[in-house]
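See below for the structure under consideration.
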Amino acid sequence: MEQFLQQLINGISLGSIYALMALGYTMVYGIIKLINFAHGDVYMLGAYIGYFCMTFLKLGFFPSLLISMIVCAILGVTIEKIAYKPLRDATRISVLITAIGVSLFLEYGTMFFVKPDPRSYPPLTGFLAESYSIGNLVIRAKQILIICITVILMVLLQFIVKKTRIGKAMRAVSLDRDAAQLMGISVDRTISFTFLIGSALAGAAGILVGIYYNSINPLMGMMPGLKAFVAAVFGGIGIIPGAMIGGYFIGLVEVMVSGYGNSMYRDAVVFAILIIILIVKPSGLLGKETREKV
């Protein structure tokens with residue numbers, strides 16, 4: 001029982017990171033129907049920005065987290081303006097190929113500047129380095145930190161989407177872009193704000209995974225990015241609560257497979273879940289079946 005509880009805590013911690021990334025995927029898809037495959041690489045850059053702040057600028061974790069989110073938010077808006085906005089009326093395959101190109105550019109551009117060698121994240125100090133034992137159950141302070149930060153950011157996101165003017169604009173553009181524009185909503189500004197929020201969440205996930213695994217590299221965003229996409233599809237892509245549920249589910253599945261089976265199969269199980277979901281319920285757990293107009 002203690003082993004199960006330990007894996008449960010580990011799964012919730014990892015699932016929190018996937019949930020933050022999945023939110024970025026699902027928000028962008030909900031607005032412009034784009035699978036932003038560069039999202040995982042924004043997460044990677046968030047980890048490197050946090051590493052730079054904590055190692056070279058000697059900043060604490062919380063200032064580094066804030067800077068990472070701000071820089072990644074600016075980067076997300078820049079990517080949208082340069083790479084995606086000119087293709088706003090292009091075919092979906094053109095935008096998808098562009099997203100893959102942006103992803104590769106960020107990965108190998110980062111590799112050019114920081115080299116491909118993995119880097120060890122600076123250790124946390126003070127109360128963040130502590131761990132608490134309940135029998136054989138070990139709960140680390142950084143796991144509590146990851147869960148708390150994720151919950152706070154999710155609640156803040158829900159507040160923005162449900163209670164603010166820009167949030168209402170996001171929901172309107174998601175439902176019908178042309179009608180929203182006729183009602184005086186700036187579609188371009190709304191899309192840019194969506195990228196800003198999604199990229200900030202990815203930056204937060206990057207620094208959180210850095211302190212969780214203590215190792216980063218320029219290709220670290222590839223597999224977690226795909227798993228976050230699986231989480232978004234599982235919950236119902238375009239649906240914010242679905243992305244949260246999907247993130248935690250994928251994190252728990254990955255940890256349970258590693259703990260009770262073989263860690264070599266954890267990625268295979270995650271993508272097997274994606275295949276099953278696409279066969280059984282393509283719209284996801286919370287999604288509704290809709291007919292596409294032709």
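The values are calculated or read from the model by the stated rules, or taken from the named source; none is laboratory data. As the structure is a computational prediction, the values presented were derived from the model and not from experiment. Ideal geometry is used to build each Cβ from the backbone, glycine not excepted, and the neighbour counts take in all protein chains shown. For accessibility, only protein heavy atoms count, side chains too; no ligands or nucleic acids. Shrake-Rupley method; radii C 1.70, N 1.55, O 1.52, S 1.80 Å.
Can you give the longest run of the chain that contains no GluC sites (Glu not before Pro) sitting in a DSSP loop with at most 15 other Cβ atoms inside 10 Å?
It works out to 131-288.
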Exercise for review: Please work out how much length the chain gains when fully extended from I134 to L87, using 0.36 nm per residue of separation minus the C-alpha to C-alpha distance, in nm with one decimal.
Suggested key: 11.5 nm
Check your understanding: In deg cm²/dmol, rounded to 500, what helix-only [θ] at 222 nm does the chain give when every DSSP H run of at least 4 residues adds -39500 (n - 2.57) and the total is split over its residues?
Key -> -24000 deg cm²/dmol
Review point. Considering only protein heavy atoms and a 1.4 Å probe, what is the carbon-and-sulfur percentage of the accessible area of the stretch 124-209?
Key: 62
Check your understanding: Do any of K81/K163; K115/K142; K227/K281; K142/K168; K58/K227 go past 23 Å between their Cα atoms, and which?
Key -> K81/K163; K115/K142; K142/K168; K58/K227
Practice item. Compute the projected area of the convex hull of the Cα atoms of the stretch 1-95, averaged over all viewing directions, and report it in nm² to one decimal place. Key: 8.4
Exercise for review: Please report, largest first and rounded to whole Å, the three semi-axes of the ellipsoid equivalent to the stretch 56-114, where each semi-axis is the square root of five times an eigenvalue of the C-alpha gyration tensor.
Suggested key: 29, 15, 7
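Based on a Kirkwood Rh over C-alpha pairs, give the Stokes-Einstein translational diffusion coefficient of the stretch 2-280 at 37 °C and viscosity 0.692 mPa s in µm²/s.
172
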Revision key, fill the gap. For the chain, the per residue accessible area (1.4 Å probe, Å²) is 50
Point to revise | Selected from I216, I276, I35 as most flexible by GNM, with the chain as the system and alpha-carbon contacts under 10 Å | key: I276
Review point. Along its principal axes, what span do the Cα atoms of the stretch 172-294 show, with the longest given first and each in whole Å?
Key: 54, 34, 21
**Study point:** Those trypsin sites (Lys or Arg not before Pro) in the stretch 206-294 that DSSP places in a loop and that have at most 15 other beta carbons within 10 Å
**Key:** K288, R291, K293
Practice item. Hydropathy first: keep DSSP H helices in the chain averaging at least 0.0 on Kyte-Doolittle, then drop any whose Cα extent along the axis falls short of 18 Å, and list what survives. Key: 2-32, 39-55, 61-79, 92-114, 141-163, 187-213, 222-235, 240-260, 266-280
